[in-house]
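A short worksheet on the structure shown next.
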Amino acid sequence: MATVRLVWRDGREATVTATDETLLEAAEHADFSLPFGCRTGACATCTGRLLDGDSTHVRQPRALKQRHRDDGYVLLCIARAKNDSAVEVGVDVHNDLLENPRKGH
Ligand code: FES
């Protein structure tokens, strides 16, 4: 069991408890609705970013590039907390992943 702090970029924070469920499910069980789409790791809609602690993907996170994983991005629909952690959530986090041609990414 892990305590997970959810952090939104607008300053909201909440703490949920995650057992053997995904971070998305843990948030939903505590009545926080986070963005999601496929729930299988294929669309990245649920992207969060690990600020503290550690998590593991229970299946291949197909929607994340390796460099995003290296930067701490996780797919909340298939990620389980390994220990107490903090994760940035909300649609803004997913927007980080979108390529911006004007920035030359
Ligand atoms: S909801 Fe699609 S990757 Fe998580």
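The values are calculated or read from the model by the stated rules, or taken from the named source; none is laboratory data. Please read these numbers as outputs of a predicted model, since none were measured by experiment. Virtual Cβ from ideal backbone geometry, glycine too; neighbours counted across all protein chains shown. Keep in mind that these areas ignore ligands, DNA and RNA; they rest on the heavy atoms of the full protein, side chains included. Shrake-Rupley method; radii C 1.70, N 1.55, O 1.52, S 1.80 Å.
Values computed for the structure shown
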quantity: Residue list for the range 72-87, filter: among the β-branched types (V, I, T) and surrounded by fewer than 19 Cβ atoms within 10 Å (Cβ to Cβ); calculated: none
quantity: Test: residue in the range 88-97 that is in contact with a strand residue (DSSP E or B) (Cβ under 7 Å, 6 or more places away or on another chain), open to solvent by 40 Å² or more (accessible area, probe 1.4 Å) and away from the ligand (no atom under 14 Å from the Cβ); calculated: no
quantity: Checking R49 against (1) in contact with an Asp or Glu (Cβ under 6 Å, 6 or more places away or on another chain); (2) within 11 Å of the ligand (Cβ to nearest atom), the condition it does not meet; calculated: (2)
quantity: Cβ pairs under 6 Å, 6+ apart, first in the range 45-57 and of a type outside the set (D, E), second open to solvent by 60 Å² or more (accessible area, probe 1.4 Å) and modelled with pLDDT of 95 or more; calculated: T45/F36; C46/F36; G53/N83; G53/D84; S55/K82; T56/R80; T56/K82
quantity: Residue under evaluation H29, criteria (1) crowded, with 16+ Cβ neighbours inside 10 Å; (2) more than 12 Å from the ligand (Cβ to nearest atom), criterion not met; calculated: (1)
quantity: Candidates G37, G11, filtered to the one that is within 16 Å of the ligand (Cβ to nearest atom), of a type in the set (G, A, S) and surrounded by fewer than 16 Cβ atoms within 10 Å (Cβ to Cβ); calculated: G37
quantity: Selection from the range 1-23 of residues that are within 15 Å of the chain's Cα centre (by Cα), in contact (Cβ under 8 Å) with a residue 12 or more places away in the chain and under 17 Å from V91 (Cβ atoms); calculated: L6, V7, W8, R9, A14, L23
quantity: Subset of the range 44-58 (residues that are open to solvent by 50 Å² or more (accessible area, probe 1.4 Å), closer than 14 Å to Y73 by Cβ and among the hydrophobic types (A, V, I, L, M, F, W, C)); calculated: L51
quantity: Test set (1) open to solvent by 10 Å² or more (accessible area, probe 1.4 Å); (2) more than 8 Å from the ligand (Cβ to nearest atom); (3) touching a strand residue (DSSP E or B) at 6+ places or on another chain (Cβ under 9 Å) - A63 fails condition number; calculated: (2)
